[in-house]
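Here the structure comes first, spelled out in structure tokens, and everything after it is commentary.
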Amino acid sequence: MEEKKIGLPSAIATGVGLIVATSCLMSLGQGAGSIGITFIIAMVIACVFNLITALSLAELNALMPNLTGGLAQYTLAALGPFVSVIAMVGGYLVCNTICGAVECAMFGNTMNSVFKTGLPSSVFCVILLVVLIIANLYGIDMFAKIQDFVAYGLIFSLVIMGLIGMFKAGTGTVVNQPYVLSSSPKDIMSLVGLAFFLFLGCEFIIPIAPNVKNARRNVPLGMVLSLLIVCGMEVLVILGMHNYTKWDELASNTSPHVFYGVSLLGKAGEYWMAIVSIFAVVSTVNSVISSLSYICAGMAKINLLPAVFEKRNKHGAPYVGILMIGGLMIIINATGLSTTSQLSTMILIGCVFWMAAYAIASVDVLIFRKRLPKAPRTFKVPGGPVLPILGIAGNIFMMYNITADPDARRMIYIVVLIIFAALAVYATIWIKKVMQIPLFKPIPVHKVMAMENDMYMVVRRKMRAGETKKVTAEGSAS
């Protein structure tokens, strides 16, 4: 069955939907409450670093277009399978499955705190996940319809609420307080790592690139526009928060976005922000389930994951990945694991892997510039090697500033090293035993692109089976 193509608005909705999560709204309030509107400077710096990554990914997509595995396939061709497995399994699959589950938990908590249902929060989480799993099983068209509605509803709501607050047009009491609590460069830079979390995920447009109209234009444009739209929207919200919420109360509140809604418009604002929270969690989890399932399918095509992830249903949906990712989120929420304090730390740990993956994207660009300088590209990052190098340095800088607490940072690094060691063992066994190729030997670009064809692995397995039979026959004859 031929899949329908989605346009630029749906591509932007995919990027925005993954970026603007409930946890991001919390981080936005906590960052602004810490130093005032100078948090916008930290946001802009983080947004610039993410734009550089988006441009790097756009160049990689131009060199190797329409690959469903995205960064996994680029890195396989640039740095070999070991780095590719570490970056994708650690930085994307594990991190986003946990983050998605936590988003669902926040949704359940918001529903209970606003509507006083008396039901366990996990009930709302499981119902939401079951609905989104079923919806995604109906293919990319259903995903796009849901994503367009919730993502643009989210953008519209936050822009309007930001403008109402900025122009002091709310029904709540206007707060008189300084715009700036700290303009110290040290304080601002220490929050760049937190601000980075506000812009994660625009590259989730890449796995659905084969389903996007005019992908060579709309995929990079969608990534850049989603980041700029989110940045502008969040600036408006912070300016609105300044007029209606005291900075210290905003920083200490566990639901600063709901607190702002109540302060701005009273009960109506509370309900409106509850709807915004629903939009945020639906758009985020919908993007995670869909995009990760396509990433899994893409990785399976290049043999980085088991072939079962390639299977599609009659709607063209990679149902094994959808069921696995959605199922894991259900388990995390049903068992109550998503409400533990450890998972908040796990999100920061996942961010370190995500930052590493972003740095690897810029490394891939530099490698291909050196190795394939004359290969055709419909897009190229301007300024020669300057921006990719700046992107690498920026992500390393944000890893260092993942949190302002030195003890917490040290603990995060220790856990990252433990996870890296576990992933390294898995990657080594899988690559040596299943893929049977060297750990760090890059696979040529043309071969990686050929792997995207559904018949590539089928033919390869048949050839291997034929070689095995021939060797066995020769051994018996001797």
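The values are calculated or read from the model by the stated rules, or taken from the named source; none is laboratory data. Values in this document were obtained by computation on a predicted structure and should not be read as measured data. Heads up, the Cβs are rebuilt from the backbone with ideal geometry, glycines too, and the neighbour counts pull from every protein chain shown. Side chains are part of the model used for accessible areas, which takes the heavy atoms of the whole protein and leaves out ligands, DNA and RNA. Shrake-Rupley method; radii C 1.70, N 1.55, O 1.52, S 1.80 Å.
For Lys267, the solvent-accessible surface computed with a 1.4 Å probe is close to 110 Å², ligands and nucleic acids excluded. Entry comment: accessible area of region 133-228 is 42 Å² per residue, from protein heavy atoms only and a probe of 1.4 Å. Take region 39-100 with all the other protein chains still there, run a 1.4 Å probe, and you get 15 Å² of accessible area per residue.
Look at the dipole of the chain built from charges on Cβ: of Ile188, Ala13, Pro388, the Cα furthest out on the positive end belongs to Pro388. Taking amide hydrogens as placed 1.01 Å from N in the peptide plane, the amide H of Gly36 sits under 5 Å from those of Leu181, each at least 5 positions away in sequence or on another chain. With Cα atoms as the point set, the radius of gyration and Dmax of the chain evaluate to 22.7, 92 Å. In sequence order, region 28-36 has phi-based couplings of 4, x, 5, x, 5, x, 6, 10, x Hz under the Karplus curve 6.51 cos²θ - 1.76 cosθ + 1.60, θ = phi - 60°, and Gly or Pro positions carry x.
Looking only at region 86-124, which residues have a backbone nitrogen under 20 Å from a spot 7 Å from the Cα of Phe440 in the C-beta direction? So the set is 86-90.
Expressed as a whole percent, the accessible area of the chain that falls on carbon and sulfur atoms is 70 (1.4 Å probe).
Highest average first, the peptides 309-316, 274-281, 154-161 ordered by how many other beta carbon atoms sit within 10 Å of their residues are 274-281, 154-161, 309-316. Between Ser252 and Phe115, full extension at 0.36 nm per residue minus the direct alpha carbon distance yields a gain of 47.1 nm. If you plug the beta carbon distance of Ile331 and Ile275 into 1/(1 + (r/R0)^6) with R0 = 45 Å, you get a FRET efficiency near 0.95.
At 0.36 nm per residue, and after removing the present C-alpha to C-alpha distance, how many nm does the segment from Ile414 to Phe156 gain when stretched out fully?
Value of the extension gain: 88.8 nm.
Highest average first, the peptides 112-119, 216-223 ordered by how many other beta carbon atoms sit within 10 Å of their residues are 216-223, 112-119. Using Cβ point charges alone (K and R +1, D and E -1), the dipole size of the chain about the Cα centre works out to roughly 1620 debye.
The length gained by stretching the chain between Val174 and Lys380 to full extension, at 0.36 nm per residue less their Cα-Cα distance, is 69.4 nm. Note on Tyr138/Lys447: beta-carbon distance plugged into 1/(1 + (r/R0)^6) with R0 of 41 Å gives a FRET efficiency of 0.75.
If R0 is taken as 25 Å, the Cβ-Cβ distance between Ile429 and Leu372 corresponds to a FRET efficiency of 0.20. Helical content alone sets the calculated 222 nm signal of the chain at -23500 deg cm²/dmol, taking -39,500 (n - 2.57) per DSSP H segment of four or more residues and averaging over every residue.
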